[in-house]
Amino acid sequence: MSSILLIVLLLFSSEYRAQSTASKQVSTFSMDAPQLDNDKTIWVYLPESYSTSQNFYPVIYMFDAQNLFDAETSYAGEWNIDEYLDTLTNKQVIIVAIEHGNTKRLEELTPYTNTEYGGGQGDLFMEFITHTVKPHIDVNYRTKPKAEDTSIFGASLGGLMALYATIKHPDTFSKAGIFSGAFWINQDIYKLVSSSEIPKTSKFFFLVGSKESDTMVPDQEKMISLLKENEVPDSNINYKIVDGGEHNETLWRENFPEAFQWLMN
């Protein structure tokens, strides 16, 4: 047996497959997504104090749940969000993360149809979050349900959708974490930002790496300029370019704590 074949077999054997790394504060449940005509798995992170208090908590909704908490389900490494949040004694939150639809991810996480790649069911996905997921979470968990206490966060297509959600649903989301936003695939997002009435209280944290695609940095700069032209205060926009950063979970994992702390202030 060749050494290469042996390595491949070991990687896919149960003994060597990545084991679950999700903390005990993370749970999952499945729910019907009538807007998308399928079922979705929802991951929920509850702070440790949830079980020992009667406190109500702000909520962050996130995309691509498979990649956030658990090495076993992640595509290329997890974000270690649960491990980070487990260390906090203040700024405690509930995280609600929705799994992407695997082969349907691009379809679900693009608000507009791209002539080459398709997609365009982002409004249905957001309707699922705002009309199905959030009501369920607010009924079954001790949340602070108002927009001022509700954020949305994602990377790549999830970053595109986080921005879109905050612009389209300001009555639901007041803060967005936008990592490596894939604005290139839906250029109409610029028109939306330019033409929308954006609350002056909305907050946006942008992140890109210098070694992502050639358009990533200028696309982010263009979006920030449009937000400022639309009179979003400078103090409500934070943006970061990571020298040498690439389009991957490492970039997003290492910068989540800073984005989280700024958005929660």
Name the residue that is modelled with the lowest pLDDT, counting only residues in segment 17-46 that are small (Gly, Ala, Ser) and over 15 Å from residue 97 (Cβ atoms). 18
Run down 126, 161 and say which single residue is in a helix (DSSP H, G or I), under 18 Å from residue 60 (Cβ atoms) and touching a His at 6+ places or on another chain (Cβ under 7 Å). 126
Considering only segment 136-149, I want to know if a residue exists there that is among the aliphatic types (A, V, I, L, M), crowded, with 20+ Cβ neighbours inside 10 Å, in contact with a strand residue (DSSP E or B) (Cβ under 6 Å, 6 or more places away or on another chain) and assigned to a helix (DSSP H, G or I). no
Can you name the number of the only condition in (1) touching a strand residue (DSSP E or B) at 6+ places or on another chain (Cβ under 6 Å); (2) surrounded by 19 or more Cβ atoms within 10 Å (Cβ to Cβ); (3) farther than 27 Å from residue 150 by Cβ that residue 246 fails? (2)
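To keep it simple, each residue is scored yes or no on (1) under 25 Å from residue 246 (Cα atoms); (2) not in a strand (DSSP E or B); (3) not basic (Lys, Arg).
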site	(1), (2), (3)
71	yes, yes, yes
77	yes, yes, yes
83	yes, yes, yes
104	yes, yes, no
130	no, yes, yes
Among 213, 225, 235, 194, which is among the small types (Gly, Ala, Ser), part of a loop (DSSP other than H, G, I, E, B) and either farther than 30 Å from residue 135 by Cβ or modelled with pLDDT under 95 (or both)? 213
Testing residue 177 on (1) surrounded by 17 or more Cβ atoms within 10 Å (Cβ to Cβ); (2) among the small types (Gly, Ala, Ser); (3) part of a helix (DSSP H, G or I), one condition comes back false. Which one is that? (3)
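The values are calculated or read from the model by the stated rules, or taken from the named source; none is laboratory data. All figures in this text were calculated on a predicted structure; none of them were measured in a lab. Note that each Cβ is placed from the backbone with ideal geometry, even for glycine, and that neighbours are counted across all protein chains shown.
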